[in-house]
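The values are calculated or read from the model by the stated rules, or taken from the named source; none is laboratory data. Predicted model only: the values in this text are computed from it and were never measured. Cβ placement follows ideal geometry from the backbone for every residue including glycine, while neighbour counts extend to all protein chains displayed.
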């Protein structure tokens, strides 16, 4: 296992994480969720892939201090630009969270407030860092709805979450996270609730925004075929550890048996098989 994965522009990484560990504590029971992972991120698209429960989302939430106080989050280093995320105070994190680092949650129907119009929710993201600028916030929200290519942004602004489609809801979430011009975007399964055509549109939109704005993107997913086409680099997580790191274009040359097993279990329209192989896990994968 690689202990430290350099960013594409390793001379000046936007994010530097070394030996991150996250434990969840319930009384005397301590459950390790992330076990000493290290990586760097530049202005690129970095994927974190693995099965459900492998620790992918836990990493993203740890960066933003979104875990409950009972969680134990430690690291040798968790540096974002000029900020030590591990030692940042609650006030410092409020200034960073949503402003410099934004996180797109997995499913808009669980992330959007059902009793507040979606336009107001986007505007609120701006006002939380620019108090008293209500009219500017509304204008910025309308502009962001256009940026994320929502049809009829004036109508969508006035809608409640239940009145828009899943694809529109995901675009609203993206607009909400990008309205403050963040430097780092964490996207947690941003297309899992979408059909194939809408998924491709959202990915193309994210790709354009990353290129235009020079963002660093952490793309959390369990879909290896998707990240193969969309991302620059891939970290493969198993049971809270990074077991392999490689360029997305080189996934077919993966060396770790876990990555190979995930790839082998993917259906292939060109080479149909009567039965897909079942991943055979090994106890040695749990060793540091």
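All told, residue 191 meets the bar of being under 22 Å from residue 125 (Cα atoms), in a loop (DSSP other than H, G, I, E, B) and within 16 Å of the chain's Cα centre (by Cα).
Taking every residue in the stretch 25-40 that is loosely packed, with under 13 Cβ neighbours inside 10 Å and pairing it with any residue that is assigned to a strand (DSSP E or B), at least 6 positions away or on another chain, the pairs with Cβ-Cβ distances below 6 Å are 30/23; 31/24. For the stretch 264-287, the set of residues classified as in contact with a helix residue (DSSP H, G or I) (Cβ under 8 Å, 6 or more places away or on another chain) and under 28 Å from residue 31 (Cα atoms) consists of 279, 280, 281, 282, 285, listed by residue number. Against the conditions (1) modelled with pLDDT under 90; (2) out of contact with any strand residue (DSSP E or B) (no Cβ under 7 Å at 6 or more places or on another chain), residue 189 satisfies every one except (2).
Between 75, 91, the distinction of being assigned by TED's automatic domain parsing to the domain that holds residue 204 and farther than 23 Å from residue 36 by Cα belongs to 91 only. When each of 75, 62, 95, 71 is tested for being within 21 Å of residue 16 (Cβ to Cβ) and surrounded by fewer than 20 Cβ atoms within 10 Å (Cβ to Cβ), the lone residue that passes is 95. Condition first: more than 22 Å from residue 102 (Cα to Cα), in contact with a helix residue (DSSP H, G or I) (Cβ under 8 Å, 6 or more places away or on another chain) and assigned by TED's automatic domain parsing to the domain that holds residue 36. Can you find one or more residues in the stretch 215-223 that meet it? No - not one qualifying residue is present in the stretch 215-223. Checked against the criterion of being out of contact with any strand residue (DSSP E or B) (no Cβ under 8 Å at 6 or more places or on another chain), at negative phi and assigned to a loop (DSSP other than H, G, I, E, B), the stretch 31-50 contains not a single residue that satisfies it. Among the residues of the stretch 124-154, how many are free of Cβ contacts under 8 Å to residues at least 24 places away in the same chain, in contact with a helix residue (DSSP H, G or I) (Cβ under 8 Å, 6 or more places away or on another chain) and closer than 16 Å to residue 180 by Cβ? Adding up the residues that qualify gives 9.
Candidates in the stretch 101-116 are the residues that are buried (at least 17 other Cβ atoms within 10 Å of the Cβ) and at pLDDT 90 or above; of these, the one that is farthest from residue 216 (Cα to Cα) is 112.
Between 85, 66, the distinction of being closer than 24 Å to residue 222 by Cβ and without any contact (Cβ under 8 Å) to a residue 40 or more places away in the chain belongs to 66 only.
Rundown of residues vs (1) under 26 Å from residue 41 (Cα atoms); (2) outside the structural domain of residue 200 (by TED's automatic domain parsing); (3) not in a helix (DSSP H, G or I), yes/no style:
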position: 129; (1), (2), (3): yes, yes, yes
position: 139; (1), (2), (3): no, yes, no
position: 146; (1), (2), (3): no, yes, no
position: 149; (1), (2), (3): no, yes, yes
position: 156; (1), (2), (3): no, yes, no
position: 159; (1), (2), (3): no, yes, yes
position: 168; (1), (2), (3): no, yes, no
position: 173; (1), (2), (3): yes, yes, no
position: 176; (1), (2), (3): yes, yes, no
